[in-house]
Structures are given as structure tokens and as C-alpha cells.
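Input: a single structure, listed below in C-alpha cells.
The values are calculated or read from the model by the stated rules, or taken from the named source; none is laboratory data. All values reported here derive from a predicted model rather than from experimental measurement. Cβ: placed from backbone, ideal geometry, glycine included. Neighbour counts: every protein chain shown. The accessibility values were calculated without ligands, DNA or RNA, using every heavy atom of the protein model including side chains. Shrake-Rupley method; radii C 1.70, N 1.55, O 1.52, S 1.80 Å.
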Amino acid sequence: MPSVPAGCRRRVGAGAYIALVSTHVPAEARPDAAVTARRWVLHIDMDAFFASAEQLTRPTLRGRPVLVGGIGQRGVVAGASYEARVFGARSAMPMHQARRLVGVSAVVVPPRGAVYSVLSGRVFDALRSRVPVLETLSFDEAFAEPAELAGASVARVEEYCAMLRALVLARTGLTASIGAGTGKQLAKIGSGLAKPDGMRVISPAEQHALLAGLPVRKLWGIGPVAESRLRGLGIETVGAFAALPEAEAASILGGSVGSALHRLARGIDDRPVAERAEAKQISAENTYERDIVTLADLRPAITAMAASAHRRLERDGRAARTVVLKLKKSDMSIVTRSFTLPYATTELSTLSAAAQRSAIDPTELGPIRLVGVGYGGLTMVRQESLFPELDQAMPADIDTDAVDAPEPVVEQPELPVGQWLPGMDVRHPEFGHGWVQGAGYGVVTVRFETSSTGPGPARTFPADESGLSRADPLASLD
Ligand SMILES: [Mg+2]
């Protein structure tokens with residue numbers, strides 16, 4: 001444990017303690033307020049973004065343990081409110097496990113990608129109005145390096161972060177935590193320490209002690225494999241790693257990666273902050289030594305390319321909505337077919353099934369020498385399907401004559417009239433916009449509220465209530 005003043009410690013995961021300067025302490029209370037740095041990088045990260053968006057637009061959920069995600073057998077938590085995290089619920093956890101941890105008070109709602117997308121746009125628009133260059137990492141995270149902060153003091157950076165946080169809150173109704181430091185890594189560590197609803201400026205005077213006390217896995221790019229390799233050598237902290245000779249770090253973790261991580265561990269982080277030039281499509285393709293002449297041989301080739309492109313997609317961090325299959329024939333002509341899903345996803349089984357849907361039997365098309373799979377329609381926001389089993393079991397209806405046919409578009413599965421699902425946005429001519437809180441046994445309970453109404457009343461109707469209709473989720477942002 002690093003030596004920090006009592007009362008100034010905060011638990012940050014298993015057994016690690018880190019000094020924390022509360023955002024409520026005035027800047028002049030920091031002994032290092034006047035310390036300056038040549039460059040200041042900010043990491044802005046929205047707090048529990050999906051769950052907060054739900055609590056914003058459905059005010060009844062404020063203060064409650066909200067789990068956003070799929071409710072089916074294989075449902076996964078896409079977001080958890082801080083009230084749910086208290087119980088140990090986390091993103092990427094199986095939903096059934098999160099529900100068990102939280103107990104009966106858990107509120108489970110399906111993700112509403114359209115709402116998160118609009119709010120994400122508002123967050124970045126607000127930030128860009130003050131910081132021209134943003135390096136977005138996902139729909140709710142970005143780095144910034146405001147030119148006006150070059151050479152600034154800790155106190156000045158704190159003022160600036162407080163201004164940005166107030167701006168985001170005023171424009172979106174959502175809270176952002178901000179970390180700042182002399183490089184990207186420290187800025188990101190800072191925002192992690194600041195959460196939720198806080199800021200943490202790491203001054204050059206404290207950065208070495210702070211880094212040294214962190215568990216080594218907190219270093220950028222240290223995954224489970226590298227961590228266990230280091231632990232096997234008794235290296236548990238960033239400080240212990242930094243104390244190794246650079247050549248040794250390189251030999252443990254591999255040449256360039258090991259050296260780069262060693263520099264980060266020593267607090268050296270010159271990586272620039274720059275707008276990301278984003279690829280429009282992420283793909284993988286392979287030319288085969290022998291032409292593929294049967295559908296039985298084409299299927300595994302498509303599966304392999306879908307998986308290969310998927311690995312790149314995962315590194316990119318975005319979700320795909322369009323799946324393109326490219327087949328180059330032995331006469332060098334190219335046939336491409338694309339398939340558009342009703343929502344963007346990162347799910348390999350869904351993407352692979354979509355690529356298979358476009359397969360054309362080589363006995364009809366002719367021998368194939370190259371197979372490629374590409375993912376397009378890339379967005380930061382992924383929305384889990386409510387009906388993943390439907391999407392994967394979609395029947396193949398390939399018309400081999402219509403190779404250049406316009407891409408098929410799958411609509412959201414239409415629900416029978418009077419069938420309501422929890423979390424669905426609805427509208428009633430008398431009561432306005434609301435969401436389905438519960439349904440079944442011939443009745444539906446709707447909570448009528450939006451971001452501007454405050455907690456609204458719940459009403460129960462017969463499931464075939466004629467006045468009730470499905471509504472645009474974006475109406476909840478009014
Ligand atoms: Mg976040």
C-alpha cells in the first residue's frame with residue numbers, strides 16, 4: 001500500500017489502495033496546486049453511461065439498481081447503475097448472475113441503442129464546443145489535450161475539468177468523470193479514480209508514487225497472459241515492473257511491446273491525442289490454393305473469414321450492422337453480397353450466420369478462388385437483439401440468379417398486436433409517452449414519464465387496450 005494520508009484512501013479493486021484528493025476539497029488545499037506540466041491530457045468518461053441514460057429518460061429508475069441488457073438465457077449485462085454495482089453487478093456479466101447478486105430490487109431493461117447514440121452525440125458536441133480535437137475511444141469516452149492547458153498548473157487544470165464536467169451535465173443531464181495527467185495512461189487512471197461523478201488531476205509530483213503502487217494489470221495493454229507471466233516472476237506492481245532493467249522487461253513480454261510498457265510504467269507517455277480516422281469497413285479475406293467447388297467447402301471458408309474479421313472488429317471496439325460476403329471466381333470476376341441486420345452487433349454467431357446467408361453454391365456460381373467477409377455499418381453503440389435466436393436461425397433464401405440484387409433488409413420482428421415487452425417505449429393519447437414496466441396475464445403496466453417529466457404515474461391496461469401503441473424511444477428524451 002503506498003503511504004498516503006489516512007482518510008485520503010480509496011479502495012480501487014482487490015486489495016489496492018490509492019491516494020484520492022476529493023473533488024470537494026478546494027484547489028488551494030492541494031499542496032501541489034502550483035505544480036505545472038508541459039502537457040496535460042484529459043480522459044473524459046461518462047459514468048455508467050447506458051444505465052444513466054435509462055435513469056435520465058425514465059425518472060422512476062433514478063436511485064434504483066438498474067441492469068441494462070438482454071433478458072434471455074444468454075443475456076449479458078451491457079450496463080449497470082452505481083446502485084447495482086454496490087451489489088457487485090458489472091458490465092459483461094451474465095444477466096442471471098447480476099440479477100441474483102442484486103436481488104428483487106433489480107430493474108432489468110433492454111438496451112436502447114438509439115437513445116444512447118443521441119446522448120453520445122450530445123456529449124461529444126458539448127465537449128467539442130470547448131475542445132476542438134477529441135480522440136474518441138467509444139460512445140462515452142474520449143481523450144483531449146486542450147492547447148490552452150500546455151504548461152498550466154494543477155489548480156488551473158482542476159478548474160478546466162470542473163468547467164467541462166458542468167458543461168456536459170448542463171447539455172445532457174448526465175455526469176462525466178474526468179482524469180488528467182501528463183499522458184494518456186495517467187489521464188485514464190485518473191478518471192478511474194475519479195468515478196463516479198468526480199475528477200482527479202494527477203500532478204507530475206505524485207505520478208511516480210501513484211503509478212508504482214498500482215497492480216501491474218492496471219498498465220495499458222497488460223492482459224491476463226502478461227499479468228500471469230509477471231506474477232510468476234513475483235512482479236505484482238507497476239513499480240516492481242518499472243524497477244526492472246528495460247532489456248529484461250523486453251525479454252519477458254516480447255521486444256517492442258515490453259519496451260513500450262516499461263516506458264509507460266516509468267511514467268513516460270508521449271502518445272499524441274488525435275482524432276481517429278475510422279475505417280468504414282473491417283474485413284478479412286483469403287485466396288485458396290485450390291478453387292472451392294462445393295458448398296460444403298465454401299461454408300467453413302466463410303466461417304473462418306467471419307471469425308478472422310471478427311477479431312479485428314473486437315480490436316476496433318465498434319459494432320457492425322452490415323455483413324458483406326465477397327467471392328472472387330477463378331475467372332477473376334467478383335461477386336459481393338451484403339446482408340443488413342436490424343441492429344449493430346459484435347456477436348460472432350450472428351455476424352457469421354449473416355455471412356453464411358449470402359453464400360452461393362459454387363456448383364451454380366462457378367469455382368471460387370477467394371473468400372472475404374467484411375463488416376460495415378460500424379457504430380460505437382451496439383444493441384443486443386431481444387431475439388438473438390431468431391436472427392441466427394434466419395432461413396437462407398439466396399436467389400443465385402440475382403447476384404447483384406439490392407441488399408436484403410431485415411425488419412425488427414413484428415410483435416402481434418397487444419403483445420408488450422418490458423422496457424418497450426409506448427404512447428397513449430391521454431397519458432403521453434411511457435414505457436412498459438410489466439406485461440402478462442392479459443394486462444400491461446405502463447409508466448408514463450420522460451426525461452423532462454420527473455417520476456410519472458404507472459397505469460395498468462388490458463393488453464388489447466386500443467389507445468396504446470409502440471413509440472419511438474427518442475421521444476423519451478424530450
Ligand atoms: Mg463510461
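Assuming 0.36 nm per residue, please report the length gained on full extension of the stretch residue 443 to residue 38 beyond their Cα-Cα distance. Extending this stretch completely gives an extra 139.5 nm. Per the helix-only calculation at 222 nm, which mean residue ellipticity applies to the chain, given -39500 (n - 2.57) for every DSSP H run of n ≥ 4 and division by its residues, nearest 500 deg cm²/dmol? Counting only the DSSP helices, I get -9500 deg cm²/dmol.
When peptides 60-71, 467-478, 118-129 are sorted by average Cβ neighbour count within 10 Å, with the highest value leading, the order is 60-71, 118-129, 467-478. At 7 Å along Cα-to-Cβ for each site, give me the label-to-label distance between residue 159 and residue 122 in nm. Placing both labels 7 Å beyond Cα along the Cβ direction yields 2.9 nm. Modelled spin-label separation between residue 256 and residue 464, with each label point placed 7 Å from Cα along the Cα-to-Cβ direction: 6.8 nm.
Accessible surface computed residue by residue for region 425-477, with neighbouring protein chains in place and a 1.4 Å probe, gives 50 Å² per residue.
Modelled label positions at residue 86 and residue 209, each set 7 Å beyond Cα in the direction of Cβ, lie 3.3 nm from each other.
Report the extension gain between residue 478 and residue 452 in nm, rounded to one decimal, defined as 0.36 nm multiplied by the number of residues separating them, less their alpha carbon distance.
Residue separation times 0.36 nm, minus the Cα-Cα distance, leaves 8.7 nm.
Carbon-plus-sulfur fraction of the accessible area of region 213-265, 1.4 Å probe, in percent? Carbon plus sulfur share of accessible area: 57 percent. Calculated accessible area for region 282-391 comes out at 42 Å² per residue, all protein chains present (probe 1.4 Å; ligands, DNA, RNA ignored). With contacts taken as Cα pairs under 8 Å at a separation of at least 6 residues, region 1-204 carries a relative contact order of 27 percent. The portion of the accessible surface of region 425-477 made up by carbon and sulfur, rounded to a whole percent, is 51 (1.4 Å probe; DNA, RNA and ligands excluded). Taking every protein chain into account, the 1.4 Å probe leaves residue 270 with about 100 Å² of accessible area, to the nearest ten.
Projecting the Cα atoms of 293, 340, 262 onto the charge dipole of the chain (Cβ charges, centred on the Cα centre) puts 262 farthest toward the positive pole. Excluding ligands, DNA and RNA, the accessible surface per residue across region 1-204 is 40 Å² with a 1.4 Å probe.
Let me know the charge dipole size of the chain about its Cα centre in debye, to the nearest 20, where only the beta-carbon of Lys, Arg (+1) and Asp, Glu (-1) is charged.
Result for the chain is approximately 1560 debye, rounded to the nearest 20.
Could you tell me which of rounded, prolate or oblate describes region 213-265, using a ≥ b ≥ c as the square roots of the eigenvalues of the alpha-carbon gyration tensor, with rounded for a/c under 1.5 and, failing that, prolate when a/b is larger than b/c and oblate otherwise? It is rounded, given that a/c, with a ≥ b ≥ c, falls under 1.5.
Element breakdown for region 1-204 at a 1.4 angstrom probe: carbon and sulfur atoms account for 56% of the accessible area.
The Cα center of region 239-286 and the Cα center of region 79-150 differ in position by 26 Å.
Can you tell which of 305, 284, 355 lies farthest toward the positive end of the dipole of region 282-391, using +1 and -1 charges on the Cβ of basic and acidic side chains (Lys, Arg; Asp, Glu)? Working it through, the farthest residue towards the positive pole turns out to be 284. Here's the picture: charge each Lys and Arg Cβ at +1 and each Asp and Glu Cβ at -1 in the chain, and of 221, 232, 72 the one pushed furthest to the positive end of that dipole is 232. Suppose R0 equals 30 Å. What FRET efficiency, 1/(1 + (r/R0)^6) with r the Cβ-Cβ distance, do residue 289 and residue 312 give to the nearest 0.05? Calculated value: 0.80.
Rounded to 0.05, the FRET efficiency of the residue 246 and residue 170 pair, given R0 = 45 Å and the Cβ-Cβ distance, is 0.45.
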